[in-house]
Amino acid sequence: MQNDVHDHQGQPEEVPFRSGFVCFVGRPNAGKSTLTNALVGEKIAIASSKPQTTRHAIRGVVTRPHAQLVIIDTPGLHKPRTLLGERLNDLVRSTWDEVDIIGVCLPSDQRIGPGDTFLVREISKLRKRPKLVALATKTDLISKERLREHLLAIHGLEEELGIRWEHIVPCSAVSNDQLDDVEDVLVSLLPEGPAWYPEGQITDEPTETLVAELIREAALEGVRDELPHSITVVIDEMGLREGRPEDKPLLDIFASMVVERDSQKGIVIGHQGSRLKEIGTNARMQISALLGTPVHLDVKVKVMKEWQRDPKFLNRLGF
């Protein structure tokens with residue numbers, strides 16, 4: 001938005017500042033976290049090929065000269081099998097009540113299915129319904145013809161579910177296609193309001209949470225499917241090493257990876273510790289890139305039986 005709007009006397013008019021909250025929803029692997037990271041311009045949300053990877057509502061901040069968009073990346077809504085699952089679903093629903101806009105991610109390479117209609121129907125039941133934007137994600141994977149069909153199907157949901165899309169925007173976070181349009185549309189729907197975060201800040205997540213999430217992401221890559229839900233990461237200690245020259249800082253991070261069973265501990269550690277070493281190396285590179293500091297990372301593996309079902313453990317782990 002340009003700053004040079006003039007009134008009848010030729011005086012420049014103030015462009016009102018807009019700010020507000022948006023969250024992206026969609027079935028697993030619909031591209032929510034990838035889109036969040038692409039818009040924020042930094043990796044703040046875990047993007048993993050495994051469903052239900054996101055466990056916290058992570059806020060990403062996009063600041064423009066006349067607007068600030070706060071993107072809340074939430075876990076996917078799913079049928080809970082554990083107390084952790086129930087708490088994650090509660091987190092999703094409470095987030096929906098607080099946002100101004102919900103962006104529904106409907107991947108273009110898949111037909112619209114019962115999972116999508118379930119989600120949109122749940123949103124349509126909200127007392128105070130946020131503005132809805134449909135995002136046809138992953139356009140880099142399909143033909144123009146298929147995209148046209150997909151957009152018509154998305155349009156058809158309005159009548160079927162009694163909702164109204166403010167906009168339907170095709171986009172791809174991977175090939176950077178139409179991301180500016182996504183941002184423009186979201187900003188145009190924001191109410192007038194103050195900037196919630198100082199310029200330059202891209203997330204309000206404590207650094208420790210981000211670090212723990214990056215370690216967990218490294219652990220999830222390449223492990224078997226039964227593991228992901230059973231892994232969580234706790235930062236035991238984190239701080240700059242004393243006695244280092246100022247131009248050569250080193251950040252010491254001591255972390256525990258928590259699993260539910262001894263057999264899982266074996267999988268994570270791998271043959272002669274090879275798997276754990278690989279996790280450590282990958283996580284260290286990501287953390288160092290995020291924080292801009294060399295990192296010494298020490299990860300131990302702990303077993304906490306059935307932690308996902310134990311309220312005491314969940315509280316202690318921050319869920």
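Odds and ends about this structure:
- Condition met for L135 (touching a Phe, Trp or Tyr at 6+ places or on another chain (Cβ under 9 Å), assigned to a strand (DSSP E or B) and under 17 Å from E158 (Cα atoms)): yes
- Any hit, region 187-206, residues being assigned to a helix (DSSP H, G or I) and modelled with pLDDT of 90 or more: yes
- Entry remark, region 233-272: residues being more than 21 Å from A212 (Cβ to Cβ) and among the small types (G, A, S) number 3 in total.
- Each residue in region 98-121 was checked for being within 13 Å of V25 (Cα to Cα) and touching a strand residue (DSSP E or B) at 6+ places or on another chain (Cβ under 9 Å), and 11 pass.
- Count - residues of region 299-319 that are in contact with a Leu (Cβ under 8 Å, 6 or more places away or on another chain) and touching a residue at least 60 places away in the same chain (Cβ under 8 Å): 8
Per-residue answers, yes or no, for (1) of a type in the set (A, V, I, L, M, F, W, C); (2) surrounded by fewer than 17 Cβ atoms within 10 Å (Cβ to Cβ):
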| residue | (1), (2) |
| --- | --- |
| L106 | yes, no |
| L119 | yes, no |
| I123 | yes, no |
| K128 | no, yes |
| K138 | no, no |
| E145 | no, yes |
| P191 | no, yes |
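- Helices (runs of 4 or more DSSP H) wholly inside region 219-319 that include at least 3 residues being among the charged types (D, E, K, R) and over 21 Å from the mean Cα position of the chain (by Cα): 274-291
- Top-ranked residue of region 171-186 - restricted to ones that are surrounded by 16 or more Cβ atoms within 10 Å (Cβ to Cβ) and either in contact with a Leu (Cβ under 7 Å, 6 or more places away or on another chain) or in a loop (DSSP other than H, G, I, E, B) (or both), ranked as modelled with the lowest pLDDT: A173
- Considering region 1-60, the residues that are in a strand (DSSP E or B) and at pLDDT below 65 include one that is surrounded by the most Cβ atoms within 10 Å (Cβ to Cβ), namely I58.
- Yes/no for I102 being crowded, with 17+ Cβ neighbours inside 10 Å, touching a Leu at 6+ places or on another chain (Cβ under 6 Å), within 18 Å of G20 (Cα to Cα) and aliphatic (A, V, I, L, M): yes
- Residue in region 290-307 that is surrounded by fewer than 17 Cβ atoms within 10 Å (Cβ to Cβ), at positive phi and modelled with pLDDT under 90 present: yes
- Identity of the residue in region 94-127, over 20 Å from the mean Cα position of the chain (by Cα) and assigned to a loop (DSSP other than H, G, I, E, B), that ends up nearest to G162 (Cα to Cα): K125
- Filter pass, I168 being modelled with pLDDT of 90 or more, assigned to a loop (DSSP other than H, G, I, E, B) and either in contact with a His (Cβ under 9 Å, 6 or more places away or on another chain) or closer than 21 Å to G113 by Cβ (or both): no
- Taken together, I72, I163 contain a single residue that is in a loop (DSSP other than H, G, I, E, B) and surrounded by 15 or more Cβ atoms within 10 Å (Cβ to Cβ), which is I163.
- Among (1) at pLDDT 85 or above; (2) over 29 Å from E192 (Cβ atoms); (3) under 12 Å from the mean Cα position of the chain (by Cα), the one test that V70 misses: (2)
The values are calculated or read from the model by the stated rules, or taken from the named source; none is laboratory data. As the structure is a prediction and not an experimental result, all values here were calculated from the model. Cβ atoms come from the backbone with ideal geometry, glycine included; neighbour counts cover every protein chain shown.
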